[in-house]
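Take a look at the structure set out below.
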Amino acid sequence: MDEADLQTSLVYSSRAFPIDKVLYIGPEGQRFTQVKSAFRTQDVLHLDPARNLSLSDAKDSNSVLLNDAIVLSNKTGIQTAYKCNNKSLSGLISPEKLRQYWRNLRVVEEYQVNTTTLDELLVAKEELALRLQNVNWIIIDALAAGQILSGALGFLQRVDGVVLRVLRQEPVDEELRFCSLPFVDKLLRGAGFTHGFRAPDMHAEFVLVGYFRDWRSRFNLEEKYKNELQADFLEQLRVKSDELDDLTRQIVETENDLAQAKSLLSESQKEIERLKAERESLFDRFGQHLENETTLNEQLNTKLDEVMAGVEAMGEKMTTAVDSVARIDGRVSNVSSQVDDAKYLQLTSFRRSRKGLMQSLTERANQLYASHEFKRSAELYQAILKDDTHNAWAMQGLAESLARMEYEKDENWYNLKNAEDIEATGKWDVTVRLYRKALRLDANISRVFNDTFLKGSPDAKNSGVSNPLFIVGCGHSGTSIMLRILGNHSKLMPIAKETATFLSPDSTVRFRLSKWDNQCLKAGSERWIEKTPPHIFQIQRFLHFRPHAQFILMLRDGRDVVCSLRKRQGYDAIGDRLERWVYDNKAGLPFWEHPQVKVVKYENLVESPIDTLRDVCTFLSLDFESEMLDYHKERASWYSQRKQRPKQISNHSDHNAFRNWQINQALFDGRGKWKTEMAESEKTAFKESEAQLLLERFGYAEGKNW
């Protein structure tokens, strides 16, 4: 059976097996968010198998009902548990056994725990049994899924669907046998279940599998979906055919204009010949009147100039007509390609299910993206989103395609709304907004998408700077001032503007990196620093081009950030400011533990600048230089030539002037401004959004009493 992404598999499986209630056993992380997004229901119970058996509803992750210091297994008793440097791999399985899959895994703490089975727990805990009474789906997102399942055979008798994370192959090590697909397949088939789907896991050796009762009879696709898809794509094909007919009529009209131009040219040539003959006749007839010859020649030449001007005008018209035909030929070729794609989609819809069609569309869009046909890949990714608005892969693909395509205004482009937005604000705003939407659907989609297309070894070795430094993060978090300070180090050269290199094709990225290398070496510096906050969405891509690059990820209290963003044009609404702080920071979360990424809090920089910069220099393998903090003594004009602080920020020019004023000031304390600047309505919106959870996670607040 072909593998499809987990979210799609869950959506279609839940249509066949309607959900009463779901029990999710596993850590509360990305996968848990993905499950909630797929089911779009509040009836999801979360049971953490390794954290004191805490049970909570999906809508209230703070409701702890069980406090026994026990974990789930296939038997009751005392077992050894392991706390690892990767929290998601902590549990009953020894890290020594898992190191073949995670080479850097190591033990942080080893201790003894009480274990129990799910079946025995339901007997002992009446309150838990009541809460799980209507559960008919169980999802186990843990390496010990087979062990937990072995202790839940009684519970399995009342569920319709089971989803597990397991090893693809039978392991050599006997201790990992419970984790394998062959083991759970035998167990579930014996309990009356049939294999339903497979979905890829982040680790290539693992897979997510679904099993269901009598699934074949429920997965017969209704004929109406086929008819609807067929009618939809036939309509698209008709529209494209009408466009082709219009272009054909334009070609015919242009050819008629060209024929008329040729006719006029022929008549003009005949007129020239007639005038030449008339001039010769005049010479013959009035040769004896030499005194009049000059006058006659001037008259004749004037008339010839007028005729030649007309001929030149006709020639320009012919050239314009020929160019028009060439442009129309290009548009016809483009429309023909679009019609071919429409035919491909229509033929695919005849023979595939709706799920299969979406997979086929995605494969086609991926092929076009990999072939650098970014405009056509953008059109197909948008076609997918038109039918499946929660498809994070298509949203990320659309963002990546827009970032790299050579955009020109084209009224026939597939999505006029995106075309108009690009005309109004540029690719930067449109692309970043799409990145945030993709992250809202799947917090790890950016890294997964880049993993797919950045295959093989990193980019070719270069002879320039192998370990440049990028400063990233959410805007208004201290990125500019950090660039100004580090740029005053004797061995570092700053790139004195935001370059938005993430919006460029690979060839442009290579050119810019090489250009900065040459500038750096000519300046006598060892490394260069680039600062564009939205590059936080492209850390993995830059690591492909420069595998030894390092990143400073700036972090600041979200309450101060949303207050600061209020001054920016386009950020009047609190929702827009919250979205930027939440999803720009979530884009960087997968890299927090990366050895080449250093997270620096703005608050630490202003409170203890010397200690913080010493720590940063240690990370960069540089000696600390106290002169870095004297950056303001020599004026810089990085963003604007204006010297004074603008009285108000009403446009992009004012913002650049304000930013240039800031980088020329000594380091000042901008902490806690929210306490006087934040309205009560903004505080309420903050506390009721995901921003509150990140505020607590980053250590800026404990609860909502602020």
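So the values come out like this:
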read-out	value
Cα coordinate range in the stretch 6-218, projected on the principal axes (Å, largest first)	45, 37, 30
Label-point separation, Asp421 to Met202 (7 Å along Cα→Cβ), nm	2.7
Under-5 Å amide H pairs with Ile471, H placed in peptide plane, nonlocal only	Glu530, Lys531, Thr532, Ile552
Length released on extending from Glu170 to Glu96, taking residue separation times 0.36 nm less the Cα-Cα span	24.9 nm
Estimated FRET transfer efficiency when R0 is 35 angstrom, pair Arg614-Glu406 (beta carbons, to 0.05)	0.20
Point-to-point label distance, Thr452-Gln519, nm (Cα→Cβ direction, 7 Å offset)	3.5
Unsatisfied cross-links (Cα-Cα over 29 Å) in the set Lys586/Lys687; Lys83/Lys125; Lys75/Lys586; Lys427/Lys522; Lys36/Lys601; Lys240/Lys427	Lys75/Lys586; Lys427/Lys522; Lys36/Lys601
Order by protection proxy (mean Cβ within 10 Å, highest first), peptides 498-504, 644-650	498-504, 644-650
Computed lengthening from Lys270 to Asp214, 0.36 nm per intervening residue step minus Cα-Cα distance	11.4 nm
Potential extension, Gln665-Glu680 segment - 0.36 nm per residue separation minus Cα distance	2.3 nm
Vicinal HN-Hα couplings computed from phi for the stretch 107-112 (Karplus, 6.51 cos²θ - 1.76 cosθ + 1.60; Hz; Gly/Pro x)	7, 9, 8, 10, 8, 9
Under Karplus coefficients 6.51, -1.76 and 1.60, residue-wise ³J(HN,Hα) of the stretch 254-259 in Hz, glycine/proline x	5, 4, 5, 4, 5, 5
Note, ³J(HN,Hα) from phi for the stretch 660-668, Karplus 6.51, -1.76, 1.60, rounded to Hz, x at Gly and Pro	5, 5, 4, 6, 9, 9, 4, 4, 10
For Arg568, residues with placed amide H under 5 Å, excluding near neighbours	none
Values of log10 I(q)/I(0), in the order q = 0.17, 0.18 Å⁻¹, for the stretch 354-451 under a Debye, Cα-only, solvent-free model	-0.70, -0.79
Two-site label geometry, Lys186 and Ser281: point separation in nm, points 7 Å out along Cα→Cβ	11.2
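Read-outs throughout are calculated quantities, based only on the coordinates presented, and are distinct from any laboratory measurement. Everything quoted here is computed from the prediction, not taken from an experiment. When we count neighbours, we look across all protein chains shown, and the Cβ atoms used for this are built from the backbone with ideal geometry, even at glycine.
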